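Contents: one structure, followed by commentary.
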Amino acid sequence: MTLNLAIDAVGAKHSGGATVLTDLLTAATTDCRFAQLLVFCSPRDRRIFGLPASMKVREIECPFSEASRMYRLWWLENRLPFELRRCGADVLLCMEGMGSAGRLPHITFIQQSLPFCSDIVARLGTLERLRMGVILRAMERSCKSSRRVIVQTPTMLRRVAETFRIPSARITVALPTVSDLPNPVTPSNRLATMRDTKVGLRLLYVGNESPYKNVSFLIGAMGRLRACLPDVTLFLTWPPEHLACRVEGVVGLGYLRGAELREAYELATALVMPSLVETVGLPMFEAMNVGTPVLAANRPYAHDVCEDTAIFFDPLDLEDFVGKVLRLLADECLRMDLSCRGHKLIEKRRSERPYERILDVVAEVASARIPRR
């Protein structure tokens, strides 16, 4: 018997959420257990990615579910179950960590770590703190009513189990990997400044400017770094006109994806990941996949992802960070060793077939469904 799998992915528009969704759908299109993939998603004009081209994939745009955050929650818990019945779904996978399927079985896939970190949430503004609280409660309802919960790291398994008091046996860890970014056909004009910077002195940050990303820490360290190495430069995937790019030694490249992003990784001497908290931090995988060394915050998520393939620094200690950066930039053998270990880790992650494991969980839950009278 084949299954109709519904996936709620409204809100996935770019970055890690888009990557995971695309790779999961790609795996599902070749899985004979699934006849149809019903994807509830944000409108195309609000996303920077497309869904895989397959007769199995049915794209269902949900513009009204993004009208407001409150309406989004109402849609998840009230309208979505109706839409699932109307579409003939057999099982629901909630990619955004919350949702309800009514009488249908559902699986909750948690890809947000911030709501679980009270110390980081306390640093946010009042409205953002309230939003995190609402999201956490919606996640709790979804996790407690779902048949299984999927997380991406052992750290998230512990956080979810402890926060929601869910038995660990109900939670599956599927640490993701990444697909190869396309090779650049011609050098990107937007990366001209990066190519002009001296080889071996190019630091790259890929991500947004949310406070928990801790990028201000990197920018604050540039004066110390350039006092030792005047040409060292930090490149951000932020607009060139961003205020941060007025700091000497900081350059904005704009938002990068595809071949341009791959070229930036290949040009970089090292990727820097200073986040105080992440669910995964896919840029670290993307950098390792092309052989770029990683400097990562000494936080549990980074150890889950990188194991022994990165240099870890205290993301609150300027002296420690500067010392680690200078050491890495001065030691070519160390960079080559990290590059080699990174490639091996990527091969290991791919051999674990994380997206196929997620589909196994979905099929198991759907097959155990009690038939309705």
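Scanning the stretch 193-209 for residues that are under 13 Å from TRP238 (Cβ atoms) and over 14 Å from the mean Cα position of the chain (by Cα), we see that the one that is surrounded by the fewest Cβ atoms within 10 Å (Cβ to Cβ) is GLU209.
Does the stretch 83-97 contain at least one residue that is touching a helix residue (DSSP H, G or I) at 6+ places or on another chain (Cβ under 6 Å) and without any contact (Cβ under 8 Å) to a residue 60 or more places away in the chain? Yes, there is a match, as at least one residue in the stretch 83-97 is touching a helix residue (DSSP H, G or I) at 6+ places or on another chain (Cβ under 6 Å) and without any contact (Cβ under 8 Å) to a residue 60 or more places away in the chain. Among the residues of the stretch 355-368, are any touching a Ser or Thr at 6+ places or on another chain (Cβ under 8 Å) and either acidic (Asp, Glu) or over 22 Å from GLY17 (Cα atoms) (or both)? Taking every residue of the stretch 355-368 in turn, none turns out to be touching a Ser or Thr at 6+ places or on another chain (Cβ under 8 Å) and either acidic (Asp, Glu) or over 22 Å from GLY17 (Cα atoms) (or both). Against the criterion of being at pLDDT 95 or above, of a type in the set (A, V, I, L, M, F, W, C), assigned to a strand (DSSP E or B) and buried (at least 20 other Cβ atoms within 10 Å of the Cβ), ALA302 does not qualify.
Among the residues making up the stretch 26-77, those that are in a helix (DSSP H, G or I), farther than 26 Å from GLU356 by Cβ and either touching a Gly at 6+ places or on another chain (Cβ under 6 Å) or in contact (Cβ under 8 Å) with a residue 12 or more places away in the chain (or both) are ARG44, ARG46, PRO63, SER65, GLU66, ARG69, ARG72, LEU73, TRP75, LEU76, GLU77. In the stretch 339-354, the count of residues that are of a type in the set (A, V, I, L, M) and not assigned by TED's automatic domain parsing to the domain that holds GLY220 is zero.
Which one of these is closer than 29 Å to LEU5 by Cα and either small (Gly, Ala, Ser) or under 20 Å from the mean Cα position of the chain (by Cα) (or both): PRO315, PRO283?
Step by step, each of PRO315, PRO283 is checked, and only PRO283 is closer than 29 Å to LEU5 by Cα and either small (Gly, Ala, Ser) or under 20 Å from the mean Cα position of the chain (by Cα) (or both).
The set of residues in the stretch 228-262 being outside any loop (DSSP other than H, G, I, E, B), touching a Gly at 6+ places or on another chain (Cβ under 7 Å) and not aliphatic (A, V, I, L, M) consists of THR233, CYS245.
Here VAL160 meets each of (1) touching a strand residue (DSSP E or B) at 6+ places or on another chain (Cβ under 9 Å); (2) not in a helix (DSSP H, G or I) with one exception, condition (2). Taken residue by residue, the stretch 165-185 has no member that is under 24 Å from LEU236 (Cβ atoms), part of a helix (DSSP H, G or I) and without any contact (Cβ under 8 Å) to a residue 60 or more places away in the chain.
Among residues that are assigned to a strand (DSSP E or B) and in contact with a strand residue (DSSP E or B) (Cβ under 9 Å, 6 or more places away or on another chain), LEU225 is not included. Restrict the check to the stretch 141-154 and report whether at least one residue is under 21 Å from the mean Cα position of the chain (by Cα), part of a loop (DSSP other than H, G, I, E, B) and surrounded by 13 or more Cβ atoms within 10 Å (Cβ to Cβ). Yes - at least one qualifying residue is present in the stretch 141-154.
The values are calculated or read from the model by the stated rules, or taken from the named source; none is laboratory data. Fair warning: this is a prediction, and the values are worked out from it, not measured in the lab. So basically every Cβ, Gly included, is an ideal-geometry build from the backbone, and we count neighbours across all protein chains shown.
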